[in-house]
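To keep things clear, I will list the structure first and then write my remarks on it.
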Amino acid sequence: MRGNIGVQFEISATFRGKTVKPAVVMADGESANPGEFVMFTTNGEGWQQIGEWKKYNRPATSVPYQPQDTDNLLGPKPKYNNINLRQLHDSTEVGPEKKPVAWKYFGNPDQVTGGLGTGIFGPNISEGNYTVPLVMTRGASEVGLYIASGGKQSAMLGFFPIDEGDAPESYGKAMHTIATVDGVTGAKVNQPYLGNVSPDMDENTTLDWFGDDKSTAADEGVDQLLPDNLKGATNEMIKMDRTKPGNYKMSVRSFMGRSFRSLYLRLGRLQPKRYL
């Protein structure tokens, strides 16, 4: 077998002097045919799909990836009969101890998503019109890559520094990725942001409005958003009258990639409530 790989990676990182666990992103490195098994494991949060890559030469005909049904592929009556499957089917013994292989157990019991939300994702079919799924796990100290294939196969691994909000859970989850360096050219990326403190990388943030303020850098909160003339003057900064429709605006600080500027946020037209 050409592609018989099993690797575990220990994940650790330091962000502004603080030890963190960055989000890990993984994907198949090329199109996987039936019988080319690529699997990812994590001891962190279950795998989450964050995107799908369509084939650049067939964007209009792309369809979502499909989990590989290994029992169907390598059972007594296989659905496909390509060279990759024949090579696997004939490889009944592996390793120096010539141990038998139960290929059906290389499949994922989740035949709908391929293992999203769990610690094991894949294998999937991503050849032809099928898309290539891009998945992410958070809070992991170890991730694994396992490949079993009759042909050459590869996978990709990357990291996602994520900045997230600290609003209570009832407000929903808000997050964005942080980019300071171009991953291809190495050039510096001037990512715009609101406030005078650049985003920091968050994990396990306390959702109580102040959780992120107590972490590496207080990149959220009122004072860091306001221009100097409004800092510490938040009481009655905007006087609203619910009985009178009107437009309200306020000035906030922002970094636009090269310098700090003040922006105006329009809070919308306030309409009075009517009661029957």
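Ranked by how many other Cβ atoms sit within 10 Å of their own Cβ, fewest first, the residues I120, I50 fall in the order I50, I120.
Whole angstrom only: what separates the Cα centroid of the range 60-111 from the Cα centroid of the range 140-164? Cα centres, the range 60-111 to the range 140-164: 20 Å. Within the range 22-72, the proportion of Cα pairs with more than 13 Å between them is 69 percent. T137 sits among other residues whose Cβ lies under 11 Å from its own Cβ, and their net charge, with Lys and Arg +1 and Asp and Glu -1, is 0. Using a/c under 1.5 as the rounded threshold, could you call the range 72-204 rounded, prolate or oblate? The axes a ≥ b ≥ c are square roots of the C-alpha gyration tensor eigenvalues, and prolate needs a/b larger than b/c, oblate otherwise. Note, shape of the range 72-204 comes out prolate.
Once you list every other residue whose beta carbon is under 11 Å from the beta carbon of G122, what net charge do they have if Lys and Arg are +1 and Asp and Glu are -1? Around G122, the surrounding residues sum to -3.
Global dimensions of the range 1-132 from alpha-carbon coordinates: Rg and Dmax equal 16.8, 57 Å. Applying a DSSP loop filter and a limit of 12 other Cβ atoms within 10 Å to the chymotrypsin sites (Phe, Trp or Tyr not before Pro) in the range 35-83 leaves Y56.
Sparse packing (at most 16 other Cβ atoms within 10 Å of the Cβ) combined with a DSSP loop state is found for the following trypsin sites (Lys or Arg not before Pro) in the range 1-38: R2, R16. Taking packing as the residue-averaged number of other Cβ atoms within 10 angstrom, the listed peptides 176-185, 223-232, 192-201, 122-131 run from highest to lowest as 122-131, 192-201, 223-232, 176-185.
Applying both filters, DSSP loop and at most 12 other Cβ atoms within 10 Å, to the trypsin sites (Lys or Arg not before Pro) of the range 43-142 gives K79, K98.
Laboratory data are not the source of any read-out in this text; all were calculated from the coordinates shown. Nothing here was measured: the structure is a model prediction, and the numbers come from that model. Cβ: placed from backbone, ideal geometry, glycine included. Neighbour counts: every protein chain shown.
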